[in-house]
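Since every read-out is calculated from the coordinates, none of them should be taken as a lab result. Computed from a prediction, not measured in an experiment: that's the story for all the values here. Virtual Cβ from ideal backbone geometry, glycine too; neighbours counted across all protein chains shown.
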């Protein structure tokens, strides 16, 4: 009887944990500032990778501008700031921060809060990842790549994520912020903690913040 009660208790904890990880609260971002910034050649000259971050958090406006620059809608037909093969737009950007984890909704330029947990320790293997204010996780949904072979899905998702991550680099260079794109991520672990579907594949991570000491 005690064993049965323990099993029921564990099941209830798992159910409650799954529910808490799916908050689905919409956080509307301010309109992105689509003018200004550093001239392109100066941003290219300043582009670099950083592995030391201050604890300073991004403002909502900075977060809005960053996500729009990375993968936002820049035309009335729904096309984005980063290209994708056949315009399949296979990527979702997950955000892991101290106050929770989110996915970017490009259609409404909003964040969907999926959980309140601080998952930064799972966002990468380098020490700075767990204390940086923001980690982006680039997730390709192969279900959107209908007609692609598995090899082409791998190839084009790897190509397309390069455009997105470079947009982040140029934005950070323009704004005096710090970033680094990372391949050292535990993809199986992230699949579990982010509750991804089988068709969703973690490709890269990218840390964003302000320069540390």
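Annotations
- Full extension of the chain between residue 126 and residue 47 yields a length gain of 26.4 nm, computed as 0.36 nm times the residue separation minus the alpha carbon distance.
- Seen against the Cα atoms of the chain and their longest principal axis, helix 150-175 is set at about 60 degrees.
- Relative to the longest principal axis of the Cα atoms of the chain, helix 2-20 runs at roughly 20 degrees.
- Between residue 166 and residue 86, residue separation times 0.36 nm minus the direct Cα-Cα distance comes to 26.8 nm.
- Potential lengthening between residue 195 and residue 154 on full extension [0.36 nm per residue; Cα-Cα distance subtracted]: 12.7 nm
- Comparing 78, 115, 176 in a Gaussian network model of the chain (Cα springs below 10 Å), the most mobile by mean-square fluctuation is 78.
- Dividing the summed helix terms, -39500 (n - 2.57) for each DSSP H run of n ≥ 4, by the number of residues in the chain produces a 222 nm estimate of -11000 deg cm²/dmol to the nearest 500.
- Angle in degrees between helix 60-71 and the longest Cα principal axis of the chain, rounded to the nearest 10: 80 degrees
- 19 Å reach of a label modelled at residue 34, 7 Å along Cα-to-Cβ, counting backbone N of the stretch 54-76: 61-76
- Here the Gaussian network model covers the chain, with springs between Cα atoms less than 10 Å apart; of 152, 65, 167, 152 fluctuates the most.
- Note on residue 24 and residue 213: the model spin-label points, each 7 Å out from Cα along the C-beta direction, lie 4.6 nm apart.
- Taking the square roots of five times each eigenvalue of the Cα gyration tensor of the chain, the equivalent ellipsoid has semi-axes of 30, 21, 17 Å, listed largest first.
- Label point distance in nm, residue 75-residue 108, each placed 7 Å from Cα along Cα→Cβ: 2.6 nm
- The chain, relative contact order in percent, only Cα pairs under 8 angstrom and at least six apart counted: 27 percent
- Here the simple spin-label model places points 7 Å from the Cα toward Cβ, and for residue 56 and residue 146 these points are separated by 4.7 nm.
- Note on the chain: GNM, Cα springs under 10 Å; of 196, 114, 95, the largest mean-square fluctuation is that of 196.
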